Amino acid sequence: MRLRVIAVGTRMSAWVEAAFSDYTRRLRGADTLALVEVPVTRRHGGGDAARAIETETQRILALLGPREYVVALDERGRSFTTLQLADWLARWRQAGDPVSFVIGGPDGLGAAVLARAQLRWSLSALTFPHALVRVLLAEQLYRASTLLAGHPYHRQ
C-alpha cells in the first residue's frame with residue numbers, strides 16, 4: 001500500500017532525517033512510505049500566523065488526490081492502541097486507496113485540511129515538535145506492519 005507523509009517543514013535535523021529514513025527503509029514490503037515536505041511559511045508578526053497557516057493549507061490541499069484517504073495528525077484526534085492501528089492498516093491495505101498522513105507546522109493544520117481529513121489521529125495528548133512527529137509516525141507504521149507480518153518487533 002502506498003503511504004505518504006505530507007509534512008510542513010524542511011531542513012530537518014540530521015537525526016530526524018536518519019530516523020525517518022531508517023523506518024522507511026524497514027517498511028519496504030507490503031507498504032511503502034514516502035515523504036513530501038511543504039515549506040514553512042514565514043511568520044513576521046502577530047497576525048501572520050493565520051496567513052501562514054492558510055498558505056500552508058493551500059499547499060497541502062494541492063497535493064491531495066480525490067481518492068486519497070487523508071489522516072490529519074492532531075492532538076485532539078482519535079487515539080489508537082498498536083493493535084487497533086494494525087487492524088486499521090490491514091483494512092486499508094485491502095481497500096487499496098492511497099493514504100496520506102498530514103503533519104502541520106509550528107501553528108498546526110488549517111481548518112480546510114482538518115475538514116478534508118477522513119480521520120484525525122492523535123499520537124498523544126501531549127504536543128510534540130512536528131519534526132519528532134515524523135519519526136514517531138514512521139515508527140508506529142513500521143510497528144503495525146511488523147505486527148501484521150508476524151514479526152517479533154512488537155511485544156505484548
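Since every read-out is calculated from the coordinates, none of them should be taken as a lab result. None of these values were measured; they are calculated from a predicted model. Note: ideal-geometry Cβ built from the backbone for every residue, glycine included; neighbour counts use all protein chains shown.
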- Message: Among Leu3, Phe128, Val113, which residue has its Cα furthest toward the positive end of the charge dipole of the stretch 2-149, with +1 on Lys/Arg Cβ and -1 on Asp/Glu Cβ?
- Response: Leu3
- Task: For the stretch 1-32 and the stretch 136-156, compute the distance between their C-alpha centroids and round to whole Å.
- Result: 15 Å
- Message: Give me the one-decimal nm value for the distance between modelled label points at Tyr153 and Leu132, 7 Å along each residue's Cα-to-Cβ direction.
- Response: 2.1 nm
- Applied in sequence order to the stretch 16-21, the curve 6.51 cos²θ - 1.76 cosθ + 1.60 (Karplus, θ = phi - 60°) yields integer Hz couplings, x standing for Gly and Pro, of 5, 4, 5, 5, 4, 4
- By the C-alpha gyration tensor axes a ≥ b ≥ c (rounded if a/c is under 1.5, else prolate when a/b exceeds b/c, else oblate), the shape of the chain is prolate
- Quick one: Karplus J couplings for the stretch 86-93, per residue in order, coefficients 6.51, -1.76, 1.60, θ = phi - 60°, nearest Hz, x for Gly and Pro? 4, 4, 4, 4, 4, 5, 6, 4
- Find me the longest stretch of the chain that has none of the exposed trypsin sites (Lys or Arg not before Pro), where exposed means in a DSSP loop (not H, G, I, E or B) with at most 15 other Cβ atoms within 10 Å. 68-154
- Query: Please identify the chymotrypsin sites (Phe, Trp or Tyr not before Pro) of the stretch 93-156 that satisfy two criteria: DSSP loop assignment and at most 13 other Cβ atoms within 10 Å. Which are they?
  - Reply: Tyr153
